[in-house]
Amino acid sequence: MGNCCSDEIGTGRHSVGPASSSADAASAAADRFLRSRGAGASTQIESNPIVVVYSSNDGALEEIGRTEVIVNSSSPSWNAKIILQYQFEVLQPLVFHIYDIDPQFHDVSEKMLKLEEQQFLGEAICNLSDVVTKQNRLFTIKLGVSEQNLPNPSKFGELTVQAEESAGSKALMEMVFHCSDLEIKDLLSKSDPFLLISRMSENGTPVPICKTEVRKNDLNPKWKPVILNLQQVGSKESPLMIECFNFSSNGKHDLVGKIVKSVADLENLYHSGNGENFFVPASNAHDCHSMEVLKSQVYVEKYLENSRHTFIDYISAGCQLNLMVAIDYTASNGNPRLPDSLHYIDPSGRPNAYQRVILEIGDILQYYDPAKRIPSWGYGARPIDGPVSHCFNLNGSTYQPEVEGIQGIMSAYISALRNVSLAGPTLFGPLISTATAIASQSLTSNQQKYFILLIVTDGVVTDFQETIDAIIKASDFPMSIVVVGVGGADFKEMEFLDPNKGGRLESSTGRVASRDVIQFAPMKDVHGSRISIVQSLLAEIPGQFMTYMRTREIQAIS
């Protein structure tokens, strides 16, 4: 993340407690829930209820935990906590099933109970983001049934769920890394190394969470402090991949070496004063698991721990994330009436590239914006009877760019295709400046808002310096910029936008960005990866958000 390697990312472990109550006793159940710091529930008859919690992936349920059984209660309050990892960048659907446990099984442990032998009392469904965005992280859902045939469906009651961050989620680890005897990778100069730190996802795919700055011509580099938290890594024992790369301006950075260590391992390295040798995959193609150990070493020169507010603290205290969208209407997209156009609206309903990006990002961010009033613009087109515009309101309004929700964006996007002529060139400066003005106005009026500008493009910008100037100005305001490239264009020149891939941005007056606010990736990079490009881009937002809050010394106060 460029020079802002102290960013936090809002992914961490949280306990979720489920509960249910009848509509008439909802407040009392919530009080009981809060007193117990677990969950409260009621059904219409005395029962022996248990809650089973599942994660849902494309409709397939995977059990992640069970509460204890409460005996003879119509208003149960569970104390068990279900531990799961919150990830801002993905939807996390949760399904809660409530069962009445037959008394003959009361001596059987909860984990060993066969659910098919118990009476199903109802289910509730929500996303984890539904819970963490509510005040006190307390969310109530009506119980119902899906495929179950149960009498009196109106009497299922409600389920109340609360998310509670573990104490470890607030722990921050500040580390300073340095290396010795790095391999020379450049023919005419020394290496330009940087470190990329990734956590390992459940399927084994590394997910980047932090990056140091690039050190020019340095074989024994020392980088600025890196700040991680347990929200990012899961636990101090979770493995991290730390890779050292030699920077290349074309984005194809050479791997110098890597290590796999947990935070606890890195803390031990600091206390011991020892270095850890880098390794690289062996050149023997017949053994993909063998490694070649290098003489190059990495050291942890500094290790400190402290505690601060987390991303979730701010969100549950009422801070909103507001999406802004800008869509490319330049002629290089092709005639929208033809199937080979990136703007082609398929009669079958299959979304085009622009619609896919908006839907994927909108599905994640909509939960963090209660009003769902989304400023939406087009650029690079000629409206009817007018000159080419590089920032026009998609809804056709002269003054107000907001539309209602994700479907409002979709409707305005299609309507604009019918009312403008595709033109060019591709300019980002006016868009970013317009979005920054909205963020600036929000800051002036002391609103608890943070803005995310999504720019979808099919080509390379031509106003490089104006775009850089606008990005650097935006870094002073509560906003982030996500740029996604669609189509088959060569986007290498666009990597200057993203400090993860390029060098330091400098304005025409010599200013540099006060923090990392922008990242870029082409959608075609998603092929062969289990982590989508959109997810990898959104994963950086909480860190950028937290950097802004820290530099402004803004506290999370409900």
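Convert each backbone phi in the range 111-120 into a coupling constant with the Karplus relation 6.51 cos²θ - 1.76 cosθ + 1.60 (shift: θ = phi - 60°), then list the ³J(HN,Hα) values in order as whole Hz, x for Gly and Pro.
After applying 6.51 cos²θ - 1.76 cosθ + 1.60, I find 5, 9, 5, 8, 5, 5, 8, 10, 8, 7 Hz.
Checking the cross-link filter: which lysines have an alpha carbon closer than 27 Å to that of Lys524, excluding same-chain neighbours under 8 positions apart?
Lys211, Lys252, Lys258, Lys492, Lys501
Taking amide H positions as placed in the peptide plane 1.01 Å from N, state which residues far from Ser262 in sequence (5 or more) or on other chains have amide H under 5 Å from it.
For Ser262, the qualifying residues are Leu240.
Read phi for every residue in the range 351-365 and hand back ³J(HN,Hα) as whole Hz from Karplus 6.51 cos²θ - 1.76 cosθ + 1.60, θ = phi - 60°, with x for Gly and Pro.
The phi angles translate into x, 7, 4, 5, 5, 4, 4, 5, 5, 5, 6, x, 4, 7, 7 Hz.
Per residue of the range 396-404, in order, report the coupling 6.51 cos²θ - 1.76 cosθ + 1.60 (Karplus, θ = phi - 60°) as ³J(HN,Hα) in whole Hz, putting x for Gly and Pro.
x, 6, 7, 10, 10, x, 6, 10, 8
Please give every one of the aspartates and glutamates within straight-line cross-link reach of Lys261, meaning a C-alpha to C-alpha distance under 14 Å, and leave out same-chain neighbours fewer than 8 residues apart.
Glu237, Glu243, Glu276
Put a dot 7 Å past each Cα toward the Cβ at Arg552 and Gln407; how far apart are the dots in nm?
In this crude spin-label approximation the distance works out to 3.3 nm.
Which lysines does Lys134 reach when only Cα atoms under 23 Å apart count, and residues fewer than 8 places away in its own chain are ignored?
Partners within reach: Lys81, Lys142, Lys170, Lys372, Lys449.
For Ser480, list long-range residues whose amide hydrogen, built 1.01 Å from N in the peptide plane, is under 5 Å from its own amide hydrogen.
Phe451, Ile452, Leu453
Where a ≥ b ≥ c are the square roots of the eigenvalues of the C-alpha gyration tensor, would you call the range 436-486 rounded, which needs a/c under 1.5, or, failing that, prolate if a/b is larger than b/c, or oblate? Mind dumping the intermediate values first?
Values: a/c = 3.52, a/b = 1.80, b/c = 1.95.
Oblate.
Over the range 360-509, what is the percentage of antiparallel beta bridges among all DSSP beta bridges, to the nearest 5?
Details: 9 of 16 bridges.
Given both bridge residues lie in the range 360-509, the antiparallel proportion sits at roughly 55 percent.
Show the residues, 5+ positions off or on another chain, whose built amide H is closer than 5 Å to the amide H of Gln119.
So Gln119 has HN proximity to Asp100, Asp102.
May I ask you to list the trypsin sites (Lys or Arg not before Pro) in the range 201-256 that are in a DSSP loop and have at most 15 other Cβ atoms within 10 Å of their Cβ?
Numbers: sites: Lys211, Arg215, Lys216, Lys222, Lys236, Lys252; in loops: Arg215, Lys216, Lys236, Lys252.
When the trypsin sites (Lys or Arg not before Pro) of the range 201-256 are filtered for loop state and at most 15 Cβ neighbours within 10 Å, Lys216, Lys252 remain.
Among residues other than Val325 whose Cβ falls under 14 Å from its Cβ, what is the net charge (Lys/Arg +1, Asp/Glu -1)?
Surrounding charge for Val325 is -3.
Please report the net charge: other residues with Cβ closer than 14 Å to the Cβ of Ser433, K and R +1, D and E -1.
On the way: positive: Lys473; negative: Asp463, Glu466, Asp469, Asp476.
Charge balance near Ser433 sits at -3.
What is the range 368-441 by shape, rounded, prolate or oblate, if you read a ≥ b ≥ c off the alpha carbon gyration tensor as root eigenvalues and call it rounded for a/c under 1.5, prolate for a/b larger than b/c, and oblate otherwise?
Values: a/c = 2.19, a/b = 1.30, b/c = 1.69.
Oblate.
Excluding Asn268 itself, what net charge comes from residues whose Cβ is under 15 Å from its Cβ, given Lys and Arg +1 and Asp and Glu -1? The partial results should precede the final answer.
Working: positive: Lys236, Lys261, Lys302; negative: Glu237, Asp265, Glu267, Glu276, Glu301, Glu305.
For residues surrounding Asn268, the net value is -3.
Values in this text are rule-based calculations from the coordinates and carry no lab data. The model shown is predicted, which means the values in this text are computed figures rather than measured ones. Cβ coordinates were reconstructed from backbone atoms using ideal geometry, including for glycine residues, and neighbour counts include every protein chain displayed.
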